1. Per Stokes-Einstein, at 4 °C and 1.567 mPa s, what whole-number D in µm² s⁻¹ belongs to the range 297-345, with the Kirkwood radius over Cα pairs as the hydrodynamic radius?
2. Phe23's amide H: which non-local residues (gap 5+, or another chain) put their own amide H closer than 5 Å, with H modeled 1.01 Å from N in plane and none for Pro or chain starts?
3. For Lys302, give me every one of the aspartates and glutamates with a C-alpha distance below 15 angstrom, ignoring sequence neighbours fewer than eight places off in its own chain.
4. Can you pull out the trypsin sites (Lys or Arg not before Pro) in the range 1-80 that DSSP calls coil and that have at most 16 other Cβ atoms within 10 Å?
5. Over 10 Å intervals from 0, what percent of Cα-Cα pairs in the range 238-354 sits in each interval?
6. Could you state the number of Å between the C-alpha centres of the range 105-168 and the range 280-310?
7. Share of antiparallel DSSP beta bridges in the chain, in percent to the nearest 5?
8. Could you work out the equivalent-ellipsoid semi-axes for the range 10-101, taking the square root of 5 times each eigenvalue of the Cα gyration tensor, largest first, in whole Å?
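We did not get these values from a lab; they are worked out from the coordinates using the rules stated. Worth saying up front: this structure is predicted, and the values here are computed from it rather than measured. All Cβ positions, even for glycine, are placed from backbone atoms using ideal geometry, and neighbour counts span all protein chains on display.
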Amino acid sequence: MRYRILGGTGIEVSTHCLGTMMFGAVGNPDHEDCARIIHAALDQGINFVDTADMYSGGEAEEIVGKALRGRRDEVVLATKVHFHMGEGEPGQGRNRSGNSRRWIVRAVEESLRRLGTDWIDLYQVHRPDPSTDIEETLSVLGDLVRAGKIRAFGCSAFPAEEIVESHQVAERRALPRFRTEQPPYSILARGIEAGVLPVAQRYGMGVLTWSPLASGFLSGKYRLGQPVDLTRGRAALMPARFDPSIPVNVAKLEAVEQLVELADSLGCTLPELAVAFPVAHPAVTSVIIGPRTMEQLDSLLKGAALILDDAALDRIDEIVPPGHNLYRADGAWLPPALADASLRRRPLGDRAAA
């Protein structure tokens, strides 16, 4: 396993990061089995573990905390804050989410408790929060660094313009800045190559990418001409993204067929090709792999030494052009300007030119 410096922090992290979203009730509910997966990853050179308070309602953090007992010092531990965390105590349910000082101060203490540690190496804002001034968020995160509760902080799924704004605010207000960004990135979702990755490079940020298998499209599970079970898993939750009768999904499956041919020519599997792709980008520090089982971990790590030469990357560019999205990652942040139609439409009486 190779190691890279995380966003100018001086912290060395493995080029593969173990993601824990599938640990707990939403994936693997067996805590002992999850611990074995974590230990196996550490034994194979991974020193970077990423989790979040909202993964299985905090259960994933508890699993990670138990698994790291006696090994905490050898691990760079990352977690995240933003999403709603239950109802809480009476009268407090409305303020148990977001990027406000009020919530972050409480959320970090709850994460520390679940993780069983005194400090978090990388604390990330899981999504943008249009209701909270970015100065408010940067200020409280800086205070947590000074208090020794976190070592560094970053953002996740922020668009390029919001990353730039955060750095401008940090400079104007003499506040610490985001050191990392955690965006979705895969062969089928290359949109961040146009803005997010160049901006991250410009500001010297570390980049942790997630969803290299594009929610399973690059696992080999979904193939052109084969039926898709829309009653189970992610396909049941978002059938429009997996229904093979929808033209945009046909385009994904057609790309998959070409990528399978490329993987065969390289002597690797499609998942190995998929995970090797983001590692090759100069802006990417570490690629998050999120296995649910030991078999999945072994399969993903088997291709860790795979090097994609220029010819292979050129062929990928032909299949999915640079900066182009055939797929929007599940859970990726959608700006209010796109999510709220009223922000794109003038009042009815004001829509005519004359």
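1. Values: Rh = 14.7 Å.
For the chosen part, D equals 88 µm²/s.
2. Close amide H contacts, sequence-distant or interchain: Asn28.
3. List returned: Asp43, Glu272.
4. Arg2, Arg69, Arg71
5. Each 10 Å bin holds this share of Cα pairs: 10, 30, 32, 15, 8, 5, 0.
6. Going from one Cα centre to the other spans 27 Å.
7. Values: 5 of 30 bridges.
Within the chain, antiparallel bridges account for around 15 percent of the total.
8. On the way: eigenvalues 139, 51, 20 Å².
Gyration-tensor ellipsoid for the range 10-101: 26, 16, 10 Å.
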